[in-house]
Amino acid sequence: MRRQILILMVLGVAFFGLQVAAMAAPNFAGSWVRDNAKSEPVPNALMLNRAPAVQGGGGGQAGRGGGPPVVVPIEQNATSLTVNDPQNGYRKYPLDGKPLTRRTEQGITNATVTGAAQGADTMVFTTTQPYGGMPGNNTLTVKEVWTLSADGKVLTITTTRTIPAVEKTYKLVYNKQ
């Protein structure tokens, strides 16, 4: 009987370990160049009822068409991902499932960022923050779905920004340099 219990415990630990390993974050580290031909225009703040961007995550009009190539360096460790986008500034995302609190761009309120792996090639980051007039009046929610291609050379980020009565979604595509 003890032997059977021991075997079941070992199998349970092995199975749980595989589940945890399967949910590890994909490796996004490297230099990424935005593919303007495959990317969509980023809605500006006016299209979102003047919703403020979270620290470093702002508007701009990148997307289809010309413009110089945008190179975005991404660093990653076991617990976080940092992006130093020349157009949208520095951003940090948690990979360990713990919420990360950071100041908003205006420095008046805090935004909360969470990250969750979805399969072997996708991470979902959700940022929520109050905006408008007084802190807490309304909430801006930004959901970013980061997906790596099977060969790890194409990163697609689909972003949905939601405020009361307005929701905008756009996609940015990056090629690994």
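The values are calculated or read from the model by the stated rules, or taken from the named source; none is laboratory data. On a predicted model such as this, the values are computed, not experimentally measured, just so you know. Here the Cβ is made from the backbone with ideal geometry for all residues, glycine too, and neighbour counts use every protein chain on show.
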- Message: Looking only at region 86-117, how many residues end up being farther than 22 Å from Glu75 by Cβ, polar (S, T, N, Q) and loosely packed, with under 14 Cβ neighbours inside 10 Å?
- Response: 1
- Task: For residues that are surrounded by fewer than 17 Cβ atoms within 10 Å (Cβ to Cβ) and either of a type in the set (Phe, Trp, Tyr) or free of Cβ contacts under 8 Å to residues at least 40 places away in the same chain (or both), scanning just region 166-177, find the one that is farthest from Val33 (Cα to Cα).
- Result: Glu167
- Message: With the structure loaded, tell me whether Gly57 is at pLDDT below 75 and under 14 Å from the mean Cα position of the chain (by Cα) or whether it fails that test.
- Response: yes
- Note on the structure: Within region 118-140, restricting to residues that are modelled with pLDDT under 95 and aliphatic (A, V, I, L, M), the one that is surrounded by the most Cβ atoms within 10 Å (Cβ to Cβ) is Leu140
